[in-house]
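**Student:** Take this structure, written in C-alpha cells, and hold onto it; I'll ask about it next.
No lab work stands behind these numbers, since they all come straight from the coordinates. In this text the structure is predicted, and so the values were computed from the model without any measurement. Here the Cβ positions follow ideal geometry from the backbone for every residue, glycine too, while neighbour counts run over all protein chains shown.
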C-alpha cells in the first residue's frame with residue numbers, strides 16, 4: 001500500500017548542483033526533503049532559500065525553479 005501511495009505523489013523537476021555540474025531530476029517532496037537532509041544541501045525555491053523540513057507541495061506546485069545546492073561553509 002505504501003508503494004502505491006508513493007507512486008501517486010506529484011513529482012517536480014529539481015536541479016541538483018554538484019562539483020561535477022548540474023543535473024535535472026524528477027523528485028517527490030519527501031525525496032527532496034530526504035536528499036537535502038542527507039547531503040546537507042540547501043533548497044532554493046524560485047531563488048529563495050527555504051527550510052526543507054517545512055516545504056509544502058503548494059510551494060513546489062507554484063515554483064518556477066527548484067534547486068538543491070551544496071551548503072556553503074565559511075572560514076575554511
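**Student:** Considering only DSSP beta bridges whose two residues both sit in the chain, what percent are antiparallel, to the nearest 5?
**Tutor:** On the way: 16 of 18 bridges.
Once the DSSP bridges in the chain are tallied, antiparallel ones form about 90 percent.
**Student:** For the pair residue 15 and residue 54, what calculated FRET efficiency results from E = 1/(1 + (r/R0)^6), where r is the Cβ-Cβ distance and R0 = 22 Å, to the nearest 0.05?
**Tutor:** Numbers: r = 20 Å, r/R0 = 0.93.
Using R0 = 22 Å, I get an efficiency of 0.60.
**Student:** Could I ask something else about it? Using Cα-only point scatterers and the Debye equation, what is log10 of I(q)/I(0) for the chain at each q in 0.27 Å⁻¹, rounded to two decimals?
**Tutor:** Per q value, in the given order, log10 I(q)/I(0) is -1.40.
**Student:** Can I ask one more? How do the peptides 17-23, 51-57 rank, highest first, by the average count of neighbouring beta carbon atoms within 10 Å per residue? Walk me through the intermediate numbers first.
**Tutor:** Numbers: 17-23: 9.6, 51-57: 12.3.
Ranking the peptides 17-23, 51-57 by packing returns 51-57, 17-23.
**Student:** Is it possible to state the helix-based mean residue ellipticity at 222 nm for the chain, with each DSSP H run of 4+ residues giving -39500 (n - 2.57), the sum divided by total residues, to the nearest 500 deg cm²/dmol? What is it? Provide the component values of the computation, followed by the final result.
**Tutor:** Working: 3 runs with 23 residues, N = 76.
Helices in the chain give a 222 nm mean residue ellipticity of -8000 deg cm²/dmol.
**Student:** Mind checking the angle between helix 29-39 and the chain's longest principal axis? C-alpha axes, 0 to 90 degrees, to the nearest 10.
**Tutor:** The two axes meet at around 30 degrees.
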